[in-house]
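Peer 1: Starting off with a structure, shown below.
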Amino acid sequence: MTSKNITLLNVILMTVCLLFLFPGCIKDRIKKTETYTYTIITPVYKTRAEVFAAINGNIAEPVQAAGKLYIKDRYIYLNEVEKGIHIIDNVDPSNPRQVAFLNIPGNMDIAVKDNILYADTYTDLLAIDISNPKKTTVTKAIPNFFSGRYYSPDANMTITAVIKKDTTVTVDTYYPSCMNCMYELASSSAPGYNVPKSNGTAGSMASMVLMNDYLYALRESHSIGIVNIASASTPRLDTTFNAGFDLQTVFPFEDKLFLGSMSGMYMYDMTNPVAPVKLGEFSHGRACDPVVTDGNYAYVTLHAGTSCGGAANELNVIDIKDLMNPVLVKAYGLTSPTGLCKDGNLLFVCDDNSGVRLFDASTAGNLKQLNQIDVKDSYDIIAGNHHAMVVAKDGLYQYDYSDVKNIRKLSFYSTEKR
């Protein structure tokens with residue numbers, strides 16, 4: 001038999017083998033039932049005209065999730081996360097009184113200049129005349145300003161709510177057993193799903209702040225939008241600049257901006273308000289972090305156990321006398337810190353269920369705890385002139401710290417109990 005005939009015979013035998021073996025391989029399969037859970041996010045839309053017309057909401061609207069805090073003159077502006085802003089008359093801190101609720105879907109941030117309040121509503125930036133807080137009007141909207149948030153494909157529509165629904169599906173997946181096959185087939189991969197992954201004073205958790213005639217706000221996690229508010233009622237976007245990575249908070253000090261990010265702190269000279277000049281940068285382990293400064297030192301809290309990642313729960317004190325070369329002075333271990341503020345040599349740090357810690361910060365490398373305010377789930381604080389306002393999960397607390405050894409509670413404002 002020639003080699004050509006032998007080759008042909010081999011081909012025939014292999015073909016016969018495959019005909020007998022592969023049907024068995026295909027037939028002999030293992031069924032495995034697997035369960036997958038994913039989230040469907042469905043936006044609910046209304047026209048911008050409908051949203052603007054309904055901004056004056058129910059004055060008795062309860063706070064279910066208190067957010068950011070803003071103070072101007074006699075009023076407190078308290079964010080209800082993604083729902084709106086409570087305007088509270090605080091002329092008597094022992095008896096704060098709500099005078100209005102602004103129904104602003106998607107709201108997270110607040111800033112106020114003169115009688116104009118600036119607020120985000122999902123992707124849009126609004127300027128709202130609050131001369132009469134019970135009858136406000138939108139004077140200007142900048143659509144799609146916050147490009148990192150939910151996007152409306154129609155310029156005339158805005159998202160008023162987001163419905164999130166967890167859905168569980170069961171899928172039968174077949175894996176071949178192929179024990180007698182000539183080769184092993186690759187295992188099937190699990191099915192995949194696309195899961196939509198004159199100005200007031202702001203707290204340290206703010207991502208939108210005012211400096212003179214400009215508003216600076218995080219448009220998305222890497223860029224700052226610079227908005228001209230010389231004409232307060234008609235803000236105008238001037239420019240946007242790439243400011244860093246994974247940005248979260250913005251803190252103004254004199255002619256500088258201090259930006260807190262998941263990975264560090266960025267500092268910018270704003271002498272020319274529309275042409276920022278980057279100064280120094282300080283890197284730390286990955287964590288959520290707001291920052292405040294007194295000009296000589298920056299104080300940064302690192303908060304782990306969230307979407308920011310990381311494992312550190314501490315306060316970093318950073319020497320910034322040379323802004324181009326910031327240096328860590330000392331890291332202080334804490335429980336789970338968030339917002340903070342400084343009044344002279346007093347440093348206040350919200351530290352979750354450990355309350356609000358009050359430190360003597362006269363020596364940056366040797367902070368001494370003077371007292372601790374018993375507020376559970378504290379989030380942010382604004383303090384000055386011996387008067388502290390603390391936002392916590394269950395409401396707004398006010399304290400008199402004229403005597404730091406004997407801090408006195410002035411009031412607790414819980415809209416759930418009004």
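Peer 1: Looking at the stretch 115-125, which of the residues that are of a type outside the set (S, T, N, Q) and at pLDDT 95 or above is nearest to PHE145 (Cα to Cα)? Before the answer, list the steps.
Peer 2: Restricting attention to the stretch 115-125, the residues satisfying the condition of being of a type outside the set (S, T, N, Q) are 116-120, 122, 124-125.
Then drop every residue that is not at pLDDT 95 or above, which leaves 116-120, 125.
Working: ILE116: 18, LEU117: 16, TYR118: 12, ALA119: 11, ASP120: 9, LEU125: 6 Å.
Looking at the filtered set, the residue picked out is LEU125.
Peer 1: Just for the stretch 377-386: of the residues that are in contact with a Ser or Thr (Cβ under 9 Å, 6 or more places away or on another chain) and not β-branched (Val, Ile, Thr), which one is farthest from VAL300 (Cα to Cα)?
Peer 2: Restricting attention to the stretch 377-386, the residues satisfying the condition of being in contact with a Ser or Thr (Cβ under 9 Å, 6 or more places away or on another chain) are 378-382, 384, 386.
So of that shortlist, the ones also not β-branched (Val, Ile, Thr) come out as 378-380, 384, 386.
Working: SER378: 16, TYR379: 14, ASP380: 13, GLY384: 19, HIS386: 23 Å.
Filtering first and then ranking leaves HIS386.
Peer 1: Here is a further query. Suppose the filter is basic (Lys, Arg) and either surrounded by 22 or more Cβ atoms within 10 Å (Cβ to Cβ) or farther than 27 Å from LEU410 by Cα (or both); does LYS135 pass it? Before the answer, list the steps.
Peer 2: Details: basic (Lys, Arg): yes; either surrounded by 22 or more Cβ atoms within 10 Å (Cβ to Cβ) or farther than 27 Å from LEU410 by Cα (or both): yes.
Yes: the conditions hold for LYS135.
Peer 1: Looking for something part of a loop (DSSP other than H, G, I, E, B), among the polar types (S, T, N, Q), at pLDDT below 90 and over 25 Å from the mean Cα position of the chain (by Cα) - is there at least one such residue anywhere in the stretch 156-175? I'd like the intermediate steps shown before the answer.
Peer 2: Quick first cut of the stretch 156-175, residues part of a loop (DSSP other than H, G, I, E, B) only: 156.
Within this subset, residues satisfying the condition of being among the polar types (S, T, N, Q) are 156.
Filter once more, keeping what is at pLDDT below 90: 156.
Subsequent filtering for residues that are over 25 Å from the mean Cα position of the chain (by Cα) retains 156.
Taking every residue of the stretch 156-175 in turn, at least one turns out to be part of a loop (DSSP other than H, G, I, E, B), among the polar types (S, T, N, Q), at pLDDT below 90 and over 25 Å from the mean Cα position of the chain (by Cα).
Peer 1: Of the conditions (1) within 18 Å of MET389 (Cα to Cα); (2) part of a strand (DSSP E or B); (3) modelled with pLDDT of 95 or more, LEU102 satisfies every one except a single condition; which number is it?
Peer 2: Answer for LEU102: the failing condition is (1).
Peer 1: List pairs: first in the stretch 338-357 and more than 22 Å from SER261 (Cα to Cα), second aliphatic (A, V, I, L, M) and modelled with pLDDT under 95, Cβ under 6 Å, 6+ apart or cross-chain?
Peer 2: Here the result reads GLY355/VAL375; VAL356/VAL375, each pair linking the stretch 338-357 to a residue that is aliphatic (A, V, I, L, M) and modelled with pLDDT under 95.
Peer 1: Residue by residue through the stretch 44-69, note down the ones that are closer than 23 Å to ASN156 by Cα and outside any strand (DSSP E or B).
Peer 2: Keep residues of the stretch 44-69 that are closer than 23 Å to ASN156 by Cα, which gives 44-57.
Within the stretch 44-69, ARG48, ALA49, GLU50, VAL51, PHE52, ALA53, ALA54, ILE55, GLY57 qualify.
Peer 1: Right, next: Within the bounds of the stretch 282-289, is there any residue that is surrounded by fewer than 22 Cβ atoms within 10 Å (Cβ to Cβ) and among the small types (Gly, Ala, Ser)?
Peer 2: yes
Peer 1: Which condition number in (1) farther than 24 Å from VAL390 by Cα; (2) at pLDDT 95 or above; (3) in a loop (DSSP other than H, G, I, E, B) is the one that SER94 fails?
Peer 2: All conditions are met except number (1).
Peer 1: Right, here's the next one. Looking at the structure I just gave you, is THR249 in a strand (DSSP E or B), in contact with a Ser or Thr (Cβ under 9 Å, 6 or more places away or on another chain), closer than 28 Å to ASP129 by Cα and among the polar types (S, T, N, Q)?
Peer 2: Details: in a strand (DSSP E or B): yes; in contact with a Ser or Thr (Cβ under 9 Å, 6 or more places away or on another chain): yes; closer than 28 Å to ASP129 by Cα: yes; among the polar types (S, T, N, Q): yes.
Yes, satisfied.
Peer 1: Can you pull out every residue in the stretch 70-91 that is in a strand (DSSP E or B) and of a type outside the set (Phe, Trp, Tyr)? Before the answer, list the steps.
Peer 2: So in the stretch 70-91, the residues in a strand (DSSP E or B) come out as 70-72, 75-80, 84-89.
Listed by number, the residues that qualify are ILE71, LYS72, ILE76, LEU78, ASN79, GLU80, GLY84, ILE85, HIS86, ILE87, ILE88, ASP89.
Peer 1: Do you know which of the residues in the stretch 254-280 that are crowded, with 17+ Cβ neighbours inside 10 Å and more than 20 Å from the chain's Cα centre (by Cα) is nearest to ILE382 (Cα to Cα)?
Peer 2: Taking the stretch 254-280 first, the residues crowded, with 17+ Cβ neighbours inside 10 Å are 256-268, 270, 276, 279-280.
Filter again for more than 20 Å from the chain's Cα centre (by Cα), leaving 256, 268, 270, 276, 279-280.
Numbers: LYS256: 20, TYR268: 23, MET270: 24, PRO276: 27, LEU279: 27, GLY280: 26 Å.
Out of the qualifying residues, it is LYS256.
Peer 1: Hey, another quick one. May I ask you to verify whether GLY67 is modelled with pLDDT under 95 and within 14 Å of ALA202 (Cα to Cα)?
Peer 2: Details: modelled with pLDDT under 95: yes; within 14 Å of ALA202 (Cα to Cα): yes.
Yes.
Peer 1: Could I ask something else about it? When you scan the stretch 228-249, how many residues do you find that are of a type outside the set (S, T, N, Q) and within 14 Å of LEU125 (Cβ to Cβ)?
Peer 2: First, the residues of the stretch 228-249 that are of a type outside the set (S, T, N, Q): 229-230, 232, 235-238, 241, 243-247.
Pick out the ones that are also within 14 Å of LEU125 (Cβ to Cβ) and you get 229, 232, 235-238.
Looking only at that region, the number is 6.
The values are calculated or read from the model by the stated rules, or taken from the named source; none is laboratory data. Quantities reported herein were computed from a predicted structural model and do not represent experimental measurements. When we count neighbours, we look across all protein chains shown, and the Cβ atoms used for this are built from the backbone with ideal geometry, even at glycine.
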